[in-house]
1. Just going by the charge dipole of the chain, with Lys and Arg at +1 and Asp and Glu at -1 on Cβ, which of S78, I51, I169 is farthest out on the positive end?
2. Can you list the HN-Hα couplings for segment 88-103, worked out from phi with the Karplus curve (6.51, -1.76, 1.60; θ = phi - 60°), rounded to whole Hz and with x for Gly and Pro?
3. For T26, what charge total do you get from the other residues with a beta carbon under 15 Å from its beta carbon, if Lys and Arg give +1 and Asp and Glu give -1?
4. Return a whole-number percent for the relative contact order of the chain, with Cα pairs under 8 Å and 6 or more residues apart as the contact set.
5. Express in nm, to one decimal, how much length is gained between S115 and T2 on full extension, taking 0.36 nm for each residue of separation and deducting their alpha carbon distance.
6. Hey, what's the chain come to in accessible area per residue, 1.4 Å probe, Å²?
7. Between R59 and S24, 0.36 nm times their residue separation minus their Cα-Cα distance comes to what?
8. What residues qualify as long-range amide H neighbours of D69, i.e. H under 5 Å apart, gap of 5 or more or another chain, H built at 1.01 Å from N?
Amino acid sequence: NTCYHVFAIRKTSDGSGDILFSLSATAPTMPTGYAGFRRISSIRTDGGGVIHGFINYGRKFTYKTPIRDAYVTGAGTSFTTTTTTSTPLGVRTNGIYNIGASGNGSLLLARAVGSNAVTIPTGGVVDEAFLAGYGMNTNDTIEIFSIQVECLSNAASQIIMQGQGGVSITYVVTTLGYEEIE
């Protein structure tokens with residue numbers, strides 16, 4: 001379950017090129033006789049060392065099999081938590097996620113680390129807060145929603161999940177892919 005950064009590298013003696021995989025996004029350990037590098041992209045492996053399949057177009061990567069990063073039951077009726085996602089470590093990306101929640105009157109927001117918390121109106125009515133996130137507000141005892149969102153991740157692959165509900169919320173965050181922005 002590791003992120004490797006892929007670099008094009010140049011051989012000093014004749015200028016020929018090669019490819020290097022590194023855990024570092026900015027300072028790869030170069031083999032002897034090579035100087036000069038440029039980061040191309042990243043790949044992720046699973047717990048067994050197998051590369052997660054992906055579809056690539058330009059700087060956008062979509063996982064062939066989405067990766068569930070968080071499944072939190074009983075998060076509370078009002079919470080803000082940092083969630084680590086399956087975007088590349090060491091670089092900022094525009095993560096593409098599926099977020100879902102269940103709980104009466106629930107509202108869920110994915111936002112960038114460092115952004116300000118959203119003030120959600122109190123009093124059991126979250127209709128006005130839909131501008132801040134995604135949610136449902138009916139009189140049903142169990143509500144479930146799921147939606148695809150994009151959110152900037154930091155270099156530690158983290159985003160902030162903020163939620164509020166009439167009952168303790170259960171939520172899930174699944175990484176569908178990402179777009180490299182650095």
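The values are calculated or read from the model by the stated rules, or taken from the named source; none is laboratory data. Treat the numbers as computed from the prediction; the structure is a model and nothing was measured. Ideal geometry is used to build each Cβ from the backbone, glycine not excepted, and the neighbour counts take in all protein chains shown. Quick note on the areas: whole protein, heavy atoms, side chains included, nothing else; ligands and nucleic acids left out. Shrake-Rupley method; radii C 1.70, N 1.55, O 1.52, S 1.80 Å.
1. Of S78, I51, I169, it is I51.
2. x, 6, x, 9, 7, 9, 9, x, 10, 10, 10, 10, x, 8, 9, x
3. On the way: positive: R38, R39, R92; negative: E180, E182.
Around T26, the charge tally is +1.
4. Reported as a whole number, the value is 29 percent.
5. Full extension of this stretch gives 38.0 nm more.
6. 52 Å²
7. Difference between extended and current length: 10.7 nm.
8. V173, T174, T175
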